[in-house]
Structure formats: C-alpha cells, structure tokens
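Here the structure is laid out as structure tokens; the discussion comes afterwards.
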Amino acid sequence: MKTIYNIAIDGPAGAGKSTIAREVARRLRFVYVDTGAMYRAIALYFSRKGMDLGDEKEISREVSRVEVSLAYDNGIQQVLLNGENVSSLIRTPQVGAAASVTSAYPAVREKLTQLQKELAKRENIIMDGRDIGTCVLPHADLKVYLTASAEVRAKRRYEELQEKGETADLASIEEEIKERDYRDMHREISPLTKAEDAVLVDTSSMTIEEVVECLMTLAEERGIRV
Ligand code: DC
C-alpha cells in the first residue's frame, strides 16, 4: 500500500503558517490544505445571509445548507462555497473576524473537520489551521506549532497591506490580532493550543527561508520524502 504522509501546522493568526506551508508543500510536492479558508468561506455564507453571528442555534441549523469544497488551479487552493469560487472574497479582516466567531460552534467544526480528515486520507498533504495537530490529524507524521510575538505578527500584516497599497493602522492590527488570539485560544471546543508532540518554532526573528529550511529538516528527520 502507498504510504500517505500528513504534516500538521498550527499557530495563531499572522504567524506565517500559509506562506511556510505553501512553500514546503511545493518543495515536497505535497498538497497544501488551508483550513482557515474553509472557516472563512462558511463565515462568508452566514454574513451574506445577514445572520446574527452570535446566534449559535440559527447558525448550527443553517450549517447543513452549506457545502464547502476545495479545488486546485495550477496547484493553488481554491475554496468553493456551494459551488461558487469565493477565494478572492475571503481575505478581508471582516471575514477573518467572522470566521473566528463562527468557528467556535461545534456544528461548524464537525462539518469542516470531517472534510479535512477525508482529504488527508487520500494524499500527501500539509495542512494548516488551529486544531490540526490536536484534533484533525492527531497521528500526523510531523506536527509544528508556528508562532511569533503579537508585535511581529502585526508588523507583518501591516507591511503586507501596505504592499497591496491599502491603508492600515499598526496599533489597531495588533489589537485585532490579540483579540483573535484570545478568542481562538479560549473557545470551549478545539481551542488553539500546541499539541504535546508538536515542535515549537518561534519565527519572530527568522526569515521565511530559515523557517522553510527548518521544516524541511524536521520532515527529513521523520523520514518524510517523496
Ligand atoms: O488562519 P485564518 O486566519 O484564515 O483563520 C480564520 C479563523 O478561522 C481563525 O481566526 C480561527 C478559525 N480557524 C479554526 O478555528 N480552525 C482552523 N483549523 C482554522 C481556522
């Protein structure tokens, strides 16, 4: 039987998970699964319907009407919401904050974790999120908890927005990041936490290349190769 490798990356908002995971996936020729995009897509659905995001009962009832799926275009993940490609609509801070709220509901998590587990059974994947090492892929071949100080994470987001020509305020970005950390780490179900067997990588003073190299070494040490 073909060996399937799974790599799990968790960490707080802005730690660089997607940049790193995407590059490691490219080098290993693994499929990259961005689970945050799934939580964002489902939150977009509720927001578009004008639903009260704080109303867990209503949101949980509506979950069965939402279909989230992934497709790949030249290796780049596209997220489909009831068949519509919403990839370009989910990157706003508003959708991120909405996702942080609705991802705390068990009905939402059950739906998406099931889908994520299925994806990981089929091929070599590197998956990032908040609960991948702890809940979605507890038997992953490599688990990494990627973090950086809130100050550094805010500065990275700020520079990203500036590069896109968008106006941004560093202090409010840092505030937003801290709020999101708090919500993601203190929710009742599957809070963001480092899995016991995850390797902690603090990227505060590391370059992207250094972090990628660090993960490639960890993967090699665990016999993960294509
Ligand atoms: O990684 P991101 O910023 O795209 O994630 C958006 C929100 O989705 C995040 O604040 C918490 C939630 N999320 C989650 O609860 N579990 C995951 N595996 C991924 C994201």
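The values are calculated or read from the model by the stated rules, or taken from the named source; none is laboratory data. Because the structure is predicted, anything quoted here is derived from the model rather than measured. Neighbour counts run over all protein chains shown; Cβ positions are idealised from the backbone, glycine included.
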Note to self: Name the single residue that is modelled with the highest pLDDT among those in the range 56-72 being among the small types (G, A, S) and more than 17 Å from the chain's Cα centre (by Cα).
What the structure shows: S60
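Being in a loop (DSSP other than H, G, I, E, B) and within 14 Å of A13 (Cβ to Cβ) is the filter here, so list the residues in the range 132-154 that pass it.
Step one: filter the range 132-154 for residues in a loop (DSSP other than H, G, I, E, B), giving 137-141, 148-149.
If the condition is that a residue be in a loop (DSSP other than H, G, I, E, B) and within 14 Å of A13 (Cβ to Cβ), then A148, S149 are the ones that fit.
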Notebook entry, point to check: Which number in (1) more than 30 Å from V226 (Cα to Cα); (2) in contact with a Lys or Arg (Cβ under 7 Å, 6 or more places away or on another chain); (3) not in a helix (DSSP H, G or I); (4) not acidic (D, E) marks the one condition that L200 misses?
Noted result: (1)
Check: Given the conditions (1) modelled with pLDDT of 95 or more; (2) surrounded by fewer than 19 Cβ atoms within 10 Å (Cβ to Cβ); (3) touching a helix residue (DSSP H, G or I) at 6+ places or on another chain (Cβ under 9 Å), and given that G75 satisfies all but one, which numbered condition is not satisfied?
Finding: (1)
Next item on the list: Answer yes or no as to whether R109 is in contact with a helix residue (DSSP H, G or I) (Cβ under 9 Å, 6 or more places away or on another chain), part of a helix (DSSP H, G or I) and within 13 Å of the ligand (Cβ to nearest atom).
Entry: yes
Next item on the list: Filter the range 171-223 down to residues that are at pLDDT 95 or above, in contact with a Phe, Trp or Tyr (Cβ under 6 Å, 6 or more places away or on another chain) and not charged (D, E, K, R), then give me how many there are.
Entry: 2
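What residue, of V24, V33, is within 19 Å of the chain's Cα centre (by Cα), away from the ligand (no atom under 13 Å from the Cβ) and either crowded, with 17+ Cβ neighbours inside 10 Å or part of a helix (DSSP H, G or I) (or both)? It would help to see each step written out before you state the result.
Numbers: V33 fails: away from the ligand (no atom under 13 Å from the Cβ).
Of the residues listed, the single one that is within 19 Å of the chain's Cα centre (by Cα), away from the ligand (no atom under 13 Å from the Cβ) and either crowded, with 17+ Cβ neighbours inside 10 Å or part of a helix (DSSP H, G or I) (or both) is V24.
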Check: Only one residue in A120, A154 is crowded, with 18+ Cβ neighbours inside 10 Å, more than 13 Å from the ligand (Cβ to nearest atom) and in contact (Cβ under 8 Å) with a residue 12 or more places away in the chain, so which one is that?
Finding: A154
